[in-house]
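The values are calculated or read from the model by the stated rules, or taken from the named source; none is laboratory data. Model, not experiment: these values are computed from the prediction. Note that each Cβ is placed from the backbone with ideal geometry, even for glycine, and that neighbours are counted across all protein chains shown. For the accessible areas, the whole protein counts, side chains as well, though only heavy atoms, and no ligand, DNA or RNA atoms are used. Shrake-Rupley method; radii C 1.70, N 1.55, O 1.52, S 1.80 Å.
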Amino acid sequence: MSAICLIRKFSMKSPSRFHRSLLFSTFSKESPPDLARNASIRRPYSSSISGQSFVSPSIWRFTQPNWISEKTRSISVFSLRDFSTSIETNATDKSFERIQVQSGLIVEKIHRNEEVTLDESVSKIDVKEIEKSGDEIVETISDGKVREESEAEKEAWRILENAVVRYCGSPVGTVAANDPGDKLPLNYDQVFIRDFVPSALAFLLKGDGDIVRNFLLHTLQLQSWEKTVDCYSPGQGLMPASFKVRTVALDENTTEEVLDPDFGESAIGRVAPVDSGLWWIILLRAYGKITGDFSLQERIDVQTGIKLIMNLCLADGFDMFPTLLVTDGSCMIDRRMGIHGHPLEIQSLFYSALRCSREMLSVNDRSKDLVRAINNRLSALSFHIREYYWVDIKKINEIYRYKTEEYSTDATNKFNIYPEQIPPWLMDWIPEQGGYLLGNLQPAHMDFRFFSLGNFWSIVSSLGTPKQNEAILNLVEAKWDDIIGNMPLKICYPALEYDDWRIITGSDPKNTPWSYHNSGSWPTLLWQFTLACMKMGRPELAEKALALAEKRLMADRWPEYYDTRSGKFIGKQSRLYQTWTVAGFLTSKLLLANPEMASLLFWEEDYELLDICACGLRKSDRKKCSRVAAKTQILVR
Ligand code: GLC
């Protein structure tokens, strides 16, 4: 049987998921082409947009494709781009228009097998050498120290490699879990966008960028699917939660591989994967930073992908706040957990996706309004989170004494929070030193739970102020037993119990107290914690957490999550050989061993942003800008 491997124009009219694969095989002439995308796809092997050559991704590859290679010369090459707000490319809007009128069908294999060519114009940093001597993998870090991989690391790499999913022969992602004992894998045999991020970073840090590049381009193609849930289509630009490679028979002798995405229309609870597009943008930037291959982000189809996601996030709605309004379960916690509204995890990912987009979007006449909107949103969002989400002992005391029902523009208690809402556990729990960002904020509602990912990513992206970021880590240190315990890291703290569990989760038997999303411990969160610690100059905290994980993960067969208040037991319904557990562990190890690389993945404070204010009120106006008034209170520096 011969297998046909094609990437092609998706029909914008797909009557049902089940027929997509068939539609795949029929090139639709009348359907609107996926305009800008076609442009660069037509030149699949070109690393330039209009003639000018960019750095080939191959140049930084310091291992062979199967990366555990014979003695390999290792050169890591970076283009040391700073955090500029604009980048010059040759992708003019003129060419974009020209491409728009082109129709036609795409037959392409995105995976590239280019020859290695070194571009001398790119700055080089020798990071490390990787050698294979016998079965031992030895890394020589730039300062000459030798780091040997532990047994757990070696096993982790084997598992990660086994988890790789291929499409038409090329690696395009990793399955969520590869548990041989799992008789009902549900969708754990799919490539999840969010789950792939730590895998991608592990591969990138090890010198293999092909899989990441393929993943980014293939998921970009999926973005243009028309998706419907009961005849309703969510916004253009939505990225799927996951995808699967399926083999379909074309006729008796021929099969074809197709990518089958899930935008939430099959997901349990029909949750919207809001975080997927945000992670995609974050990964795109990371790919450029680590490989030095900026040609990918400069491609017109990729630029269009960024714009579509940004437009979707920045669309006007009824919202009163700069935070992104989402339904419950729209991120890593993809079940009902009372995180609808403005959950911190989404806000921190949104903030860093805005920063990434500002950095990657080519500025020209057609994108300048979007860039302006991004800048305004960044500024308003960081103010809002810093000012209203922050809690420490002092702030809790203020809330405790709040007056309520204040009707005015200069109310202190703007959200009408009733002090009775402060949960009793918090009064005892909050340490003298340290603080954190609230889980969620809505009218008359503060969610006081501590959510790890949102807080760590606020540190990484500089959504929090430098002092707040420091204080979050102080809180983790002070509350080590609650947040780390026997296994890093609690997804949130504390658990919803009794009536709260019944009412807020809807009596979810998977999210019982101290299990799964309801305060279970998720080892994958180690990589975000590690990055946050490294940014704040506290790698020892990450090392301590990593050592705890390393003691158990291999013996426990790499579980998805752990249960109980102290994270002592493997989760009740936990998958084993969960890929992002493995990848989170490896990425933490690699980040700690390569601080220069880690520093490419976080953001410093942007002081210019603090001064942008779009409200138009001047100092002399009768009505004062509330942000200017509040600046004295927020800990800016
Ligand atoms: C669960 C998790 C989700 C993850 C998926 C695949 O649904 O809640 O965050 O992406 O499993 O691992």
Checklist entry - Computed from the mean reciprocal separation of all distinct C-alpha pairs, what Kirkwood hydrodynamic radius does the range 398-442 have, in Å? => result 12.2 Å
Checklist outcome for this item: Taking only the alpha-carbon positions of the range 208-276 as identical scatterers, the Debye log10 I(q)/I(0) at q = 0.14, 0.18, 0.22 Å⁻¹ comes out as -0.51, -0.77, -0.98
Checklist outcome for this item: Rounded to whole Å, √(5λ) for the Cα gyration tensor eigenvalues of the range 485-615, largest first, gives 29, 23, 11
Checklist entry - Hey, if you put +1 on the Cβ of every Lys and Arg and -1 on every Asp and Glu Cβ in the range 444-590, which of Tyr498, Ser461, Leu475 ends up farthest toward the positive end of that dipole? => result Ser461
Checklist entry - Taking the alpha carbon gyration tensor of the range 490-548, what are the square roots of 5 times its eigenvalues, largest first, to the nearest whole Å? => result 30, 10, 8
Next on the checklist: Suppose every Lys and Arg Cβ carries +1 and every Asp and Glu Cβ carries -1, with no other charges. What dipole size does the range 367-442 come out with about its Cα centre, to the nearest 20 debye?
Outcome noted: 400 debye
Next on the checklist: Out of the GluC sites (Glu not before Pro) in the range 538-621, which ones are loop residues according to DSSP with at most 13 other C-beta atoms within 10 Å?
Outcome noted: Glu604
Checklist outcome for this item: Cβ-Cβ cut-off under 9 Å around Leu576, Lys and Arg +1, Asp and Glu -1: the net charge is -2
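With N residues in the range 283-328, what two-decimal value do you get for its Cα radius of gyration over 2.2 N^0.38 Å?
1.53
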Item to check | Projected-area average for the range 306-376 over all orientations - Cα convex hull basis, square nanometres | outcome: 5.0 nm²
Checklist entry - Hey, could you pull the Cα Rg and Dmax for the range 345-474, both in Å? => result 16.6, 55
Checklist entry - Which peptide among 345-358, 247-260 comes first, and what is the full order, when sorted by highest mean count of other Cβ atoms within 10 Å? => result 345-358, 247-260
Checklist outcome for this item: Ordering 174-181, 204-211, 275-282 by per-residue average of other C-beta atoms within 10 angstrom, highest first, gives 275-282, 204-211, 174-181
Checklist entry - What translational D, rounded to a whole number of µm²/s, comes out for the range 394-536 from Stokes-Einstein when the hydrodynamic radius is the Kirkwood one over Cα pairs, at 37 °C and 0.692 mPa s? => result 202 µm²/s
Item to check | Charge context of Gly435, other residues only, Cβ under 12 angstrom, K/R +1, D/E -1 | outcome: +2
Next on the checklist: Let me make sure I get this right: for the range 251-402, a, b and c are the square roots of the gyration tensor eigenvalues over alpha carbons, sorted descending. Under 1.5 in a/c it's rounded, otherwise prolate if a/b > b/c, else oblate. Which is it?
Outcome noted: oblate
Checklist entry - Toward the positive end of the charge dipole of the range 364-519, about the Cα centre and with charges on Cβ (Lys, Arg +1; Asp, Glu -1), which of Leu438, Pro423, Leu370 goes farthest? => result Leu370
Checklist entry - Taking the Cα centre of each part, how many Å lie between the range 382-435 and the range 212-290? => result 40 Å
Item to check | Total charge dipole magnitude, the range 239-359, about the Cα centre, Cβ charges on Lys, Arg, Asp, Glu only, Debye to nearest 20 | outcome: 540 debye
Next on the checklist: Please compute, over every Cα-Cα pair in the range 512-584, the percentage with a separation greater than 19 angstrom.
Outcome noted: 33 percent
Checklist outcome for this item: Expressed in angstrom, Rg and Dmax over the Cα atoms of the range 251-314 are 16.0, 48
Item to check | Percent breakdown of C-alpha pair distances by 10 Å bin, ordered from the shortest bin, for the range 474-524 | outcome: 29, 46, 23, 2
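Between beta-carbons, use under 10 Å as the cut-off and find the net charge around Leu601, counting Lys and Arg +1, Asp and Glu -1.
Around Leu601, the charge tally is +3.
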Checklist entry - Which value, to two decimals, describes the C-alpha radius of gyration of the range 167-212 once divided by 2.2 N^0.38 Å? => result 1.26
Item to check | Geometric extent, Cα atoms of the range 426-504 - Rg, Dmax (angstrom) | outcome: 13.0, 38
Checklist entry - From the Cα gyration tensor of the range 359-436, with a ≥ b ≥ c the square roots of its eigenvalues, which class applies: rounded if a/c is under 1.5, or else prolate if a/b is larger than b/c, or else oblate? => result oblate
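Rounded to the nearest percent, how much of the accessible area of the range 225-309 (1.4 Å probe, protein heavy atoms only) is carbon and sulfur? Walk me through the numbers on the way to the answer.
Details: 1330 of 2590 Å².
Here carbon and sulfur together make up 51 percent of the probe-accessible area.
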Checklist entry - Treating the beta-carbon of each Lys and Arg as +1 and of each Asp and Glu as -1, no other charges, what is the dipole magnitude of the range 463-598 about its Cα centre, to the nearest 20 debye? => result 240 debye
Item to check | Binned Cα-Cα distances of the range 162-300, short to long, each 10 Å bin given as a whole percent | outcome: 11, 40, 35, 13, 1
